[in-house]
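K.L.:
Below is one structure. I have some questions about it.
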Amino acid sequence: MANGSEINLLEIPPQHILDGLIPSHETVQLSASTDICLDGTYGTAYLLATDKHLFAISPNGDSTPHTERIPLSEITNLEVKDLFGNSLLKVRTGTTGATLARFTKGQNQKFNRITHQLETLVKDARKTEDKIAKGQLGRAISGRRCDVCGTIISRRVGVCTNCLDTRKLLYRLLAYARPFWKLGTLSLVLLLTSTFIGLTPPLLMRDLIDGVLAPSANYETTFFRDITNSIFGVPTGYEILYFLVGLLLLINLSQSGLRAIRSYILSVLGQKITYNLRNEVYRHLHRHSLSFYNERETGTIMASITQDVGRLQDFISDGLQEIIRDIVTIAIICGILFTLNVKLATLVLIPTPLLIIATLKFGHRLHRTYRGLFRRWAAISALLADTIPGVRVVKAFAQEDREVGKFQTRSEDLLKGEIKIAGIRSIFGPVMAFITSMGTLIIWLVGGSSVLDGALTLGNFVAFTQYMWRFYGPVESLCRLNHRFQRAASSAERVFEVLDTQPDVTDRRSANPMPSIEGRIQFDDVTFSYEPGKPVLKNLNFTVEPGEMIGLAGHSGAGKSTLINLICRFYDIEEGAILIDGRDIRNVTLKSLRDQIGVVLQDPFLFNGPIAENIAYGNPDASLDEIVAAAKTANAHEFILRLPDSYDTPVGERGVRLSGGERQRISIARAILRNPRILILDEATSSMDTETESQIQEALYRLVQGRTTFAIAHRLSTLKHADRLFIIDKGELAEMGSHAELIAYDGIYARLCHMQTELSRLRAW
């Protein structure tokens, strides 16, 4: 084992720990000790990096030290996170993260330096993999990594979001306009007509100057002069003046009218396209499993639907018409300029390559900056999505100043990003103006000399300069449009990332609707993990008969909630099978399965609307009589009648206008009205007063009759009447039996009951 220059020999783990840990072909590049173990206890742990892997080594009592190993090339982010009593070094790979070091605040400076060293090692490891991928090192690499930038590719997205081709994104965006091609074609025709009409005034000005205001011997008969001759015979100067001015007025009126119609058509087109896109994004979000939302903040998802889709609408309705108009204008003006004077037209084109180069250079910087700016906008949205619904907690703990401070910090980050973009744009504008002005000065110098020499008429020169400005105008507009283009590209990237992310749980092609469920549930050697290699449930085997009530108990984090999530197929299992009435739930459609499952949660979620709508949420076609009957069964009818508008009373956001017990009874009524064959109760009576709990227990007793029921409860006394109890311990089914049987067995369940009994005595004392 060779030691790199950054290694402190005093911070290398003992040799007996290193034996067999570091592959012989790898070289240690960095080693550091911490003063807190990963489990939070004080002690010495180690962080060690080779040229290929990062190791976290933490003591584990007298047994073998706990070791984490992560390939450097898969690391996408390193961060020192400062907590209240200690700090963490967090590492992110793709869509997952892990804590690899824990230390006291006195070591923050040291680990900030180590983080920078690790970032260098990560870059070197990526370069090595790139060479391997290109065949330069004679072997292939494994893993999901982008061949271009080395970024880990999410297994759900399947593409590198950093290297998405901007043009392909926008071409894909334009595909959403295909259903409305008639509107698009009409707007294009109006655009071309308006552009053509708008380019005629300089030619009229030439006739007005050379033929009327300053007659020139070199003045040639033009199309407009021929028209005046046919109308007036031999017209006077005043007649030509009045005619040309009237023609200019007509052109301005027609151009304004066409512009107004075209603007309306394109606005309608943009609204329809974004309407479809917004609905598609929202529909796709509902197809995702819970893991998608577990890995993303609510504010980020909201920003994709509202802010990003809104920017795409701006680009489609305004940006596209400007691009088409400017391109058509440039093409026509180029033809006119070369017709008027080839020499001057060639000089006009000289600054154009410089404008294009400047646009490409600034555009690349803008795109990178906008990509980072979105994250800052999303951070603010996420903070608002967390804080506003939790405003009661904020006020209860008098943390208004703290939340304002957090918002101010994120706003400052956003401000810095906006200022950076403003700085880029403030430089970009003057640079483009200077390049354009240089071309203009050249034309005035050369063209003015030609007028003085008599080689060019004043009217032709004035017409030429007007077309020159009209040429540079669209060129500059296209360059300025790059700002909007990059914003739209960044937004399209995020929107299509959501659309391209494949749901974890979907209907199989061969899936059939689930027939009416009797309620027999079988777990056949089921294993499941949220993260690869870390199973939450292991080798579960049991069968539940129709109408049987099962109580789930165990320590917090044992896997009880995961088990019921698998029954609802919120996640797909890794091994084994879950059968309902003998059918693998992966072979039936999700809707037909979940239509026959009812859930009553510990903290029921009510939507902002009338009570009747919340009760009928799972059965929107239910009549008022059915809603009232469900409310009576749930012991909710009496308190509902006492409300100001009875069943039409709004419950407020998340049911804030109702008490916890009232919300729970409405949730039970919602489940009763759905009439499920399988019922799941997740802490349905926790944190209730005695009277409310009694009413809820009575309602639940009616609800469970004739249904296969799984009930989770930390208050074990509520599970005494269950047909069987399943005790989950560390993801395994540790005990199974009735209350009396498990008490007699004197195992985990008996100890939990004894602990709760002692706790109740202490509370009573």
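K.L.:
Residue by residue through the stretch 740-754, what is 3J(HN,Hα) from phi via Karplus (6.51 cos²θ - 1.76 cosθ + 1.60, θ = phi - 60°)? Round to whole Hz and write x for glycine and proline.
P.N.:
Ordered by residue, 3J(HN,Hα) equals 5, 5, 6, 5, 5, 5, 6, x, 4, 4, 4, 5, 4, 5, 4 Hz.
K.L.:
From the backbone phi of the stretch 434-442, what are the Karplus-calculated ³J(HN,Hα) couplings (6.51 cos²θ - 1.76 cosθ + 1.60, θ = phi - 60°) in whole Hz, Gly and Pro given as x?
P.N.:
Listing the rounded values in order: 5, 4, 5, 5, 4, x, 5, 4, 4 Hz.
K.L.:
Counting only heavy atoms of the protein chains, get the accessible area per residue of the stretch 507-568 (1.4 Å probe) and round it to a whole Å² value.
P.N.:
For the stretch 507-568, the per-residue accessible area is 46 Å².
K.L.:
From the protein chains alone at 1.4 Å, what is the descending order of accessible area for THR589, THR67, largest first?
P.N.:
Highest to lowest solvent-accessible surface, that is THR67, THR589.
K.L.:
Same structure, new question: So if we plug the beta-carbon distance of HIS116 and THR76 into 1/(1 + (r/R0)^6) with R0 = 25 Å, what FRET efficiency do we get, rounded to 0.05?
P.N.:
Computed FRET efficiency for HIS116 and THR76: 0.95.
K.L.:
Order HIS284, HIS66, HIS721, most accessible first, counting only protein heavy atoms with a 1.4 angstrom probe.
P.N.:
In descending accessible area the options line up as HIS721, HIS66, HIS284.
K.L.:
Got a number for the accessible area of ARG259? Probe 1.4 Å, square angstrom, nearest 10.
P.N.:
That residue has around 110 Å² of solvent-accessible surface.
K.L.:
Using a 1.4 Å probe on the protein heavy atoms only, what accessible surface does LYS730 show? Give it in Å² to the nearest 10.
P.N.:
Roll a 1.4 Å probe over it and LYS730 shows about 150 Å².
K.L.:
Given LYS90/LYS110; LYS560/LYS730; LYS90/LYS127; LYS90/LYS395, which pairs have Cα atoms separated by over 20 Å?
P.N.:
LYS90/LYS127; LYS90/LYS395, as the Cα separations exceed 20 Å there.
K.L.:
Find how much the distance from ASN279 to ILE743 grows on full extension, using 0.36 nm per residue of separation minus their present alpha carbon separation; answer in nm with one decimal.
P.N.:
Separation in residues times 0.36 nm, less the Cα-Cα distance, equals 161.6 nm.
K.L.:
Quote the accessible area belonging to VAL342 in square angstrom, nearest 10, computed with a 1.4 Å probe and with ligands, DNA and RNA left uncounted.
P.N.:
Spelled out: VAL342, probe radius 1.4 Å, area about 90 Å².
K.L.:
Need the full-extension length gain, TYR701 to ALA750, defined as separation in residues times 0.36 nm minus the C-alpha distance. One decimal, nm.
P.N.:
Full-extension gain reported as 15.2 nm.
K.L.:
Here is a follow-up. Which ³J(HN,Hα) values, rounded to whole Hz and listed in residue order, are derived for the stretch 672-679 from phi using the Karplus coefficients 6.51, -1.76 and 1.60 in 6.51 cos²θ - 1.76 cosθ + 1.60 with θ = phi - 60°, glycine and proline given as x?
P.N.:
5, 5, 6, 6, x, 8, 10, 10
K.L.:
Residues with beta-carbon under 11 Å from that of GLY43, excluding GLY43: net charge, scoring Lys, Arg +1 and Asp, Glu -1?
P.N.:
Taking every Cβ under 11 Å from that of GLY43, the sum is -1.
K.L.:
What residues qualify as long-range amide H neighbours of VAL536, i.e. H under 5 Å apart, gap of 5 or more or another chain, H built at 1.01 Å from N?
P.N.:
The list, which skips near neighbours in sequence, is PHE528, SER529, TYR530.
The values are calculated or read from the model by the stated rules, or taken from the named source; none is laboratory data. These figures come from a predicted structure and were not determined experimentally. Ideal geometry is used to build each Cβ from the backbone, glycine not excepted, and the neighbour counts take in all protein chains shown. Please note that ligands, DNA and RNA were not included when accessible areas were found on the heavy atoms of the full protein model with its side chains. Shrake-Rupley method; radii C 1.70, N 1.55, O 1.52, S 1.80 Å.
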